[in-house]
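The next block holds one structure in the form of structure tokens; read it before the comments.
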Amino acid sequence: MSLLELHCLVAGSPVRGSEKLEVRNPYNQAVVGTVVTASSADVELAIVSARNSGPAPSRFERSQVLEKARNGLEARREEFAHTITAETGLCLREARYEVGRTVDVLRFSAMEALRDDGQIFSCDISAQGKARKIFTMREPLNCAVAITPFNHPLNQVAHKLGPAIAAGTPMILKPSEKTPLVALKFASLLYDSGLPPKMLSVLLGNTNQVAEPLVRDDRVESVSFTGSVAVGKRIAATAGYKKIVLELGGNDPLIVLEDADLDLAAYLAAEGSYRNSGQRCTAIKRILVQESISEDFTARLVKRTAEYVTGDPFDENTRVGTVIDETSAIYLETVVAEAVAAGARVLIGGRRRGAQLEPTVIADVPRNARMIVSESFGPLAPIIKVRDLDDAITLANSTAYGLSSGVVTQRMDWALEAIRRLRCGTVNINEVPGFRIESSPFGGIKDSGLGVKEGVVEAIKCFTTVKTFSLPWG
Ligand code: NAP
């Protein structure tokens, strides 16, 4: 891939500046791109442009932009996938999967742009009422800010921009400094698809010059953030009087009960733990297995794990690329070593080379191990034995997080009990915690989020306000 030399964009125009961010491939450290970053003046210009972007394009026009962008992305799937792999170290097959998801986000956003979102309330339905009707309509915001993480550098961006465009809300995007290239390419694709330039700016730069001023600015009506708990809580403390959407970290359990189809359970455990190098907010981060089947399940998981080959992320045979950087891989190695010192056993994997860590199955992990109580963002599969469903649910609910969960069972009563009692945003029966479609509601509770959902349909609500109006009727 040739070196990408990009600029931050204010209302479609490249910023001028001297500060350059270098983006390196985590696998071999090669520089894969540079980005000219934004200054405080660019932040001001982006806010002013957004607020003066004029009336929103019609629903048809918004839908057309999204449709054209979808077509454009489909035509350039490989190019976008290569950019993702270059800047993240995720293997090509994961990068291609992410592009496919983004195509869906654009498709569903285009569909939602066309859908009327109003409601009608007849007012003659009570003794206090009268012959009128109340109507609702959604109105775009003047200016919203989106801040995104590194782990799905295209799809997380699309999950903010697609719904914002469908809603007609101008947006300022602050992508991760670790993965800005595909975000900037995506922005160019949107402009090329007819997005009015003032409806989008993309800014990167020092946190105290770009991200924090955007979060604090009173002219910004909404901040939609996806990232870590620590940064999310800081944003909650500093954003002031505006809408905030927080999609934060997770440490999702997969609960495997004694009646489970063990081949399915092992397949789900491996997919949920290792896909995207384990760097999904909804990756499986704890496997809670009923004692009676734990030996059999563990043997099957170890066998499956051997199929997840690590190597050069651009190699077609590689199934697990790197994590985002060597520091993160060293952290993962450390939490594994801590667990082993406390009595856990590594059954397969565990070796690190630079930013690459082999998919690792760890058995007999203590319930209070760091990799269990906090989020470990990498290809780890820690197994804990549980007595029964009650024990599994208590353990699943015992951490600060509450994003998603998976339960493997064939018993409907156990499935329903898990759905009722698990304190998290999603419960997937016989699926990985990360299963979703791009339009379904998505998001966590507790430290994983404020319970405000994303997903294309819900995100449009975050980027709009509801106006009611009433008319005499009859
Ligand atoms: P992060 O460190 O929190 O960074 C996320 C974004 O916030 C980046 O763009 C970052 O910019 C920016 N940022 C950093 N400090 C900031 C501040 N003081 N004010 C405003 N913005 C600031 O997260 P990450 O390491 O990129 O991503 C991994 C995390 O995201 C994991 O915890 C994962 O679980 C979570 N995640 C959650 C979801 C979900 O939907 N719940 C989805 C995906 C990921 P810089 O790049 O400049 O630091």
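No lab work stands behind these numbers, since they all come straight from the coordinates. Given the structure is predicted, the values throughout are model-derived calculations rather than measurements. Glycine gets a Cβ as well: all are built from the backbone with ideal geometry, and neighbour counts include every protein chain shown.
Rounded to the nearest 10 degrees, the angle from helix 155-167 to the longest Cα principal axis of the chain is 30 degrees. For segment 164-185, list residues with backbone N below 16 Å from a point placed 7 Å from the Cα of Ser228 toward its Cβ? Correct set: 176-179.
Please compute one quarter of the surface area of the Cα convex hull for segment 67-123 and express it in square nanometres. It would help to have the intermediate numbers written out before the result.
Values: hull surface 20.6 nm².
Averaging across all directions leaves 5.2 nm² for the Cα convex hull.
What angle, in degrees between 0 and 90 and rounded to the nearest 10, separates the Cα long axis of helix 326-341 from the longest principal axis of the Cα atoms of the chain? Orientation of helix 326-341: about 40 degrees from the principal axis. In a Debye calculation with equal point scatterers on the alpha-carbon sites of segment 350-441 and no solvent, what is log10 I(q)/I(0) at q = 0.17, 0.19 Å⁻¹? Evaluating at q = 0.17, 0.19 Å⁻¹ gives log10 I(q)/I(0) of -0.86, -1.04. Applying a threshold of 28 Å to the alpha-carbon distances of Lys130/Lys242; Lys242/Lys446; Lys178/Lys303; Lys198/Lys242; Lys198/Lys446; Lys178/Lys385 flags Lys130/Lys242; Lys178/Lys303; Lys198/Lys446; Lys178/Lys385 as lying beyond it. The alpha-carbon atoms of the chain define a convex hull whose volume equals 154 cubic angstrom per residue. Note on segment 252-437: along the principal axes its Cα atoms extend 45, 35, 30 Å, ordered by decreasing extent.
I'd like to compare 330-336, 385-391: which one has the highest average count of other Cβ atoms within 10 Å, and what's the full order after that? Could the numbers behind the result be given before it?
On the way: 330-336: 18.3, 385-391: 16.7.
Sorting 330-336, 385-391 by mean packing, highest first, produces 330-336, 385-391.
Take the alpha carbon atoms of segment 361-396, find their center, do the same for segment 21-44, and report the distance between the two centers in whole angstrom. Each part reduced to its Cα centre gives a spacing of 37 Å. Annotation: amide H of Glu247 within the under-5 Å range of Phe225, Thr226, Gly227, sequence separation 5 or more or interchain, hydrogens built in the peptide plane. For the chain, take the longest principal axis of its alpha carbons; what is the angle in degrees between that and the long axis of helix 229-238, to the nearest 10 within 0 to 90? That helix lies at roughly 30 degrees to the long axis. Within a straight-line Cα-Cα reach of under 18 Å, Lys20 can be paired with the following aspartates and glutamates, leaving aside sequence neighbours fewer than 8 residues apart in one chain: Glu5, Asp42, Glu87, Glu177.
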